[in-house]
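Taking it in order: structure first as structure tokens, then the write-up.
Read the figures in this text as sums done on the coordinates, not as results from a lab. Note that this is a predicted model, so its numbers are computed, not measured. Cβ sites come from the backbone with ideal geometry, for glycine too, and all protein chains shown count toward neighbours.
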Amino acid sequence: MASRTIISDGTANTPLAAMLPPNLEHGISHDDMTCTAQRCARAIAAGTAHVEPAFLDGALLEEARAACSSSLQALAPPMLRVVAAIESLRVALSAACSRSLLSTAELTLLRYRPGGSYRRHLDDKPGLALGGASRRSLSLLIYLTPTDWAATDGGELRVFPHPGQAKPINFDVLPRAGTLVVFDSATVPHEVLMTHRERVVLTGWLQEATF
């Protein structure tokens with residue numbers, strides 16, 4: 001991503017690299033990234049979220065385009081590779097979804113302490129356009145939770161149906177390490193259910209121009 005990429009570390013003094021499960025240093029190939037984007041596009045067109053264990057196999061792309069940003073130079077190499085992979089996914093999603101996704105993005109590391117949750121909301125809505133020039137188009141999550149996360153640990157992402165969805169049922173995503181979640185920012189209401197152990201997630205919003 002370009003130099004205006006924002007990374008906000010809300011995780012106290014925990015080193016970024018220490019949050020990455022070991023298997024997150026490996027990821028998906030360029031071809032797999034394209035296939036992932038195409039599956040996302042079909043799910044978004046159908047009005048559903050898209051979830052898959054995207055960063056569990058293969059080798060992460062080494063093209064550290066993100067490294068051109070002085071604000072990212074201090075990041076540990078594993079995180080740089082993850083950011084580079086997100087940039088490659090952005091390119092593939094832009095083509096698959098026919099959206100002009102900007103080369104800038106918001107990325108933030110969030111830590112939920114035990115008992116933490118986040119009420120139902122949309123990531124983009126009227127009046128939220130960043131500086132009036134762009135809006136959040138696609139939301140993505142990559143879970144950096146412990147690899148032994150279980151259903152009893154809670155912290156699920158609950159996706160609510162939107163009007164007109166064929167099967168109006170809630171869909172819960174367990175925050176297993178390395179899982180990628182992608183959905184439309186403006187049409188998918190969601191919340192984070194209470195977590196019973198520390199839950200760390202890399203959250204991103206891919207933007208598109210509003211003019």
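Figure the gain on full extension for Glu191 and Arg158 (residue separation times 0.36 nm, minus the Cα-Cα span) and round it to one decimal in nm.
Difference between extended and current length: 11.4 nm.
Using modelled amide H (1.01 Å from N, peptide plane; none on Pro or chain starts), what sits under 5 Å from the amide H of Thr145, excluding residues fewer than 5 places away?
The list, which skips near neighbours in sequence, is Ala177, Gly178, Val200.
Go through segment 192-206 residue by residue and turn each phi into a ³J(HN,Hα) via Karplus (6.51, -1.76, 1.60, θ = phi - 60°); whole Hz please, and just put x for glycine and proline.
10, 6, 4, 9, 9, 8, 4, 10, 10, 9, 8, 10, x, 10, 8
Sorting Ser134, Ser100 on the 10 Å Cβ count, fewest up front, what's the list?
So the ranking, lowest neighbour count to highest, is Ser100, Ser134.
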